[in-house]
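Okay, so here's the structure we're looking at.
The values are calculated or read from the model by the stated rules, or taken from the named source; none is laboratory data. Values in this document were obtained by computation on a predicted structure and should not be read as measured data. Neighbour counts run over all protein chains shown; Cβ positions are idealised from the backbone, glycine included. All accessible areas refer to the heavy atoms of the entire protein, side chains included, with ligands and DNA or RNA removed. Shrake-Rupley method; radii C 1.70, N 1.55, O 1.52, S 1.80 Å.
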Amino acid sequence: MSKAGALDLASGLGGKIEKTEVLSAVEQYERYHVFYGGEEEERKANYTDMVRIASFTNLALSDPSSLLLGFLVNKYYDLVTSFYEFGWGESFHFAPRWKGESLKESIKRHEHFLALQLGLKPGHKVLDVGCGIGGPLREIARFSSTSVTGINNNEYQITRGKELNCIAGVEKTCNFVKADFMKMPFPDSTFDAVYAIEATCHAPDAYGCYKEIYRVLKPGQYFAAYEWCMTDSFDPNNSEHQKIKAEIEIGDGLPDIRLTGQCLEALKQAGFEIIWEKDLAVGSPLPWYLPLDTSHFSLSSFRLTSVGRLITRNMVKALEFVGLAPKGSQRVQDFLEKAAEGLVEGGRKEIFTPMYFFLARKPLSESQ
């Protein structure tokens, strides 16, 4: 997306949601969350709505320009895609980072690592679960000479993803399917490999999600993912820890953030063999949350600094006042900024990670 300016961004704001409906969408989204008295079971029951909001939060949180967006996952995705792309690029996820490495470079390396772990070979048929607008999908397809299908339940993102596929020249090897990844429209044993990047955290039931991935994966092949998780350092009886967790959930459209151990147990119950797992945030030379940290000044990430966010806040206020941004945008910005604070604090205290990695294998036979 061209960084032509605020007016270009405002023209795409809202996706498939009418601007007049944004405020009511914000209010509906807020009611689902614990900060506003919402219940976890209700969030899980309405995960498809919440999830339209969720994959954008990474981007929205990382860039104040994207802080305008975010509602019930489906509504949320419609609203924030343009802003995510403006501030984050085509890949809406975090990455461990080396000193001297740009954010863009670290994101590409994070995607290449996944492809290498899966052992992708030219001609393999690969599935990207919760693919967003397909940034990782295109990068991995070009890196490994594979065909990649992205599954996404948001029409607006898929439309944008198809446009970007054509621009990148990968429209013949990369495609999108609009569907719920809890009920995928693929025959059993369809894919040579499956991956998910910060997406299956939106599933209301980890076991159900992993079991469906197990079904469409060919026997003997691999599933790899980066999961958003609370770490072993998280104390559910610590009120500060609970506050941080709730801030992340409301800003990212999550029904509940699972512990790393819960993900592993769900994988095993689904039938997978765990090859290896690790929190890749541990030992990263630069913290993954650096793009969100307002105390860190960077000319290349000026929009993320305190001054940059102040400018963005005023821009949002002005756009809403003149009618270019829908009513409710400032409220969305407020809770997304609160979520950004939760992510940074969760990272600093090492109670949350957006990159819990695992590589799992589907046995060649059920008895194996």
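Summary of values
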item	result
Residue pairs meeting the criteria (Cβ under 6 Å; at least 6 apart or on separate chains; first under 11 Å from Val177 (Cα atoms), in the range 148-159; second acidic (Asp, Glu) and open to solvent by 10 Å² or more (accessible area, probe 1.4 Å))	Asn153/Asp180
Residue ID - farthest from the chain's Cα centre (by Cα), chosen from residues in the range 120-136 that are farther than 18 Å from Phe186 by Cβ and open to solvent by less than 30 Å² (accessible area, probe 1.4 Å)	Leu120
Those residues of the range 182-213 which are closer than 17 Å to Lys125 by Cβ, of a type in the set (Ser, Thr, Tyr) and crowded, with 21+ Cβ neighbours inside 10 Å, in sequence order	Tyr195
Failed criterion for Val170 (all others in (1) under 21 Å from the mean Cα position of the chain (by Cα); (2) within 22 Å of Pro122 (Cα to Cα) hold)	(1)
Subset of the range 137-161 that is of a type in the set (D, E, K, R) and farther than 23 Å from Asp192 by Cβ - its residue that is most open to solvent (accessible area, probe 1.4 Å)	Glu155
Residue list for the range 221-255, restricted to those being under 12 Å from Phe272 (Cβ atoms) and either open to solvent by less than 10 Å² (accessible area, probe 1.4 Å) or touching a Cys at 6+ places or on another chain (Cβ under 9 Å) (or both)	Phe223, Ala224, Ala225
Breaking point among (1) open to solvent by 40 Å² or more (accessible area, probe 1.4 Å); (2) at pLDDT 90 or above; (3) aromatic (Phe, Trp, Tyr), for Phe297	(2)
Test: residue in the range 320-338 that is within 23 Å of the chain's Cα centre (by Cα), at pLDDT 95 or above, among the polar types (S, T, N, Q) and surrounded by 15 or more Cβ atoms within 10 Å (Cβ to Cβ)	no
Answer from Ala179, Ala168 - the residue that is open to solvent by 10 Å² or more (accessible area, probe 1.4 Å) and more than 23 Å from Cys209 (Cα to Cα)	Ala168
Per-region count, the range 141-180, residues within 20 Å of Asp205 (Cα to Cα) and touching a Gly at 6+ places or on another chain (Cβ under 6 Å)	0
Any chance Gly123 is closer than 25 Å to Leu359 by Cβ and touching a residue at least 12 places away in the same chain (Cβ under 8 Å)	yes
Any hit, the range 286-295, residues being in a helix (DSSP H, G or I), over 26 Å from Gly150 (Cβ atoms) and either polar (S, T, N, Q) or in contact with an Asp or Glu (Cβ under 9 Å, 6 or more places away or on another chain) (or both)	no
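Okay, residues lined up against (1) among the small types (Gly, Ala, Ser); (2) more than 22 Å from Leu254 (Cα to Cα); (3) touching a helix residue (DSSP H, G or I) at 6+ places or on another chain (Cβ under 9 Å):
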| position | (1), (2), (3) |
| --- | --- |
| Thr159 | no, yes, no |
| Val177 | no, yes, yes |
| Ser189 | yes, yes, yes |
| Gln221 | no, yes, yes |
